[in-house]
Amino acid sequence: MRDASKFGDSCPQMYVKNLSTGLGLPGNEDCLNLNVFTPQKPGKDLPVMVWIHGGALQTDSAKDPLYVPINLVKNGVIVVTLDYRLGSLGFLLARN
């Protein structure tokens, strides 16, 4: 367990100029993060949404400010987001 008041590190990724989701974030191989956002007032039988960021398995992060689920959580949805290894650290392509 670790401090959950801020996002964990993003995974290393290539920088893509003019791509808002490329973020140009510093990366760390220790980047497997699971984030759970819950409403302030817990309730029974709340809907749960799991969101996995896009980026063609090469770029992006769950901590991209475009995707923070504030409005969903305010409306009673539990939201789970995650980071996974990108590019050659997670999806290395090789010929068979």
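Read the figures in this text as sums done on the coordinates, not as results from a lab. Just so we're clear, the structure is a prediction, and the values are computed from it rather than from any experiment. Cβ coordinates were reconstructed from backbone atoms using ideal geometry, including for glycine residues, and neighbour counts include every protein chain displayed.
Observations on the model:
- Neighbour counts of C-beta atoms inside 10 Å place 61, 88, 5 in the sequence 5, 88, 61, starting with the fewest.
- Burial ordering of 9, 3, fewest other beta-carbon atoms within 10 Å first: 3, 9
- Amide H contacts for residue 49 (H built 1.01 Å from N in the peptide plane; partners 5 or more residues away or on another chain; cut-off under 5 Å): 78, 79, 80.
- Label positions at residue 75 and residue 52, each projected 7 Å from the Cα along the C-beta direction, are separated by 2.4 nm.
- Taking 1.002 mPa s as the viscosity and 20 °C as the temperature, the Stokes-Einstein diffusion coefficient of region 20-89 based on its alpha-carbon Kirkwood radius rounds to 162 µm²/s.
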